[in-house]
Amino acid sequence: MATELSRGLQKLHELLRKLGEAEKTLSQGPRRISVAEKAVKAARDAIEAQKLEIKNSRKHADELNLKLRSKETDLVKLTGMLNQASSNKEYDIMKGQIQTAKGDQASIEEIALTAMEAADEIASALKGKEADLKQKEQHLKDVQAEVQAAEAGLKATIAELEAQVAQAETVLSAGDIRNAYGRLRLAHGAEALAAAEDSFCTSCSNKITTQDLVRMNTGTILLCRECGRILYVVD
Ligand SMILES: [Zn+2]
């Protein structure tokens, strides 16, 4: 049978837990916003990187096209010279040069085509990244609105719980136990207290002696001999 003292300590423990939860939720708000902001920034950076890649790939494709045009000009020139060849030997040499130039042209053409395809692919990937940014920006707005909407309520809840905790703390008399409570709250937050269930500390599973249980049931506040928490007996 739990004493009134134990019930008072149990109530304090419950209130501390609720207060801890409310404080945690409140502190999570700015963190959630910061995570969402970082995601937006990463999406923006990805777009900038993509734009640079697009620029470079287009430049590469343009250079190849320029090279191709200059090969075409060479071919026209060589074909003109072929018609003016003064000997069979010269004609054969020209023919050979034209053949080589045609081969070069074909391979540059192929490379240029691949480069243009690659440039198109890189450019189309930008759309996906822009859609991703939009989604991340919307998410940030949602999180901001959600956090802002919850903030006032949470602050009111915390103020109310703090008042209730202060009231419940009166179960602890001034002196050693009050000092121990102060230290334990700093170290363990809401878990400054622990229930004793079936003669065991629920925080560290240490067995509580019969003698200690008797003392607790006759109005003494005890700290667990193992983990140091303030113990209370539950039914
Ligand atoms: Zn313990």
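Quick note: the coordinates plus some simple rules give every number you see, no bench work behind them. Model, not experiment: these values are computed from the prediction. When we count neighbours, we look across all protein chains shown, and the Cβ atoms used for this are built from the backbone with ideal geometry, even at glycine.
Any lysines with Cα under 22 Å of the K71 Cα? List them, leaving off those in the same chain fewer than 8 positions away.
Filter leaves K59, K95, K102.
Helix-only mean residue ellipticity at 222 nm, the chain, DSSP H runs n ≥ 4 weighted -39,500 (n - 2.57), per residue, nearest 500. What is it?
The helix contribution divided over the chain gives -29000 deg cm²/dmol.
Give the calculated FRET efficiency between E21 and K127 to the nearest 0.05, with a Förster radius of 41 Å applied to their Cβ-Cβ distance.
Result of the calculation: an efficiency of 0.40.
With springs only between Cα atoms under 10 Å, which of K89, K11, K207 fluctuates most in a Gaussian network model of the chain?
It is K89.
By how many nm would the segment from E37 to F200 grow when fully extended, if each residue of separation counts as 0.36 nm and the alpha-carbon distance is taken off? List each step's numbers first, then the result.
On the way: separation 163, 0.36 × 163 = 58.68 nm, distance 4.68 nm.
54.0 nm is the gain from fully extending E37 to F200.
Any idea how far apart T220 and D62 come out in nm if each label point goes 7 Å out from Cα toward Cβ?
Result for the modelled spin labels: 8.9 nm.
Compute the distance in nm between two label points, each set 7 Å from the Cα along the Cα-to-Cβ direction, one at D74 and one at Q97.
1.1
Taking a ≥ b ≥ c as the square roots of the eigenvalues of the Cα gyration tensor of the range 172-235, is the shape rounded (a/c under 1.5), prolate (a/b larger than b/c) or oblate? Mind showing how you got there, number by number?
Numbers: a/c = 2.08, a/b = 1.31, b/c = 1.59.
It comes out oblate by the Cα gyration axes.
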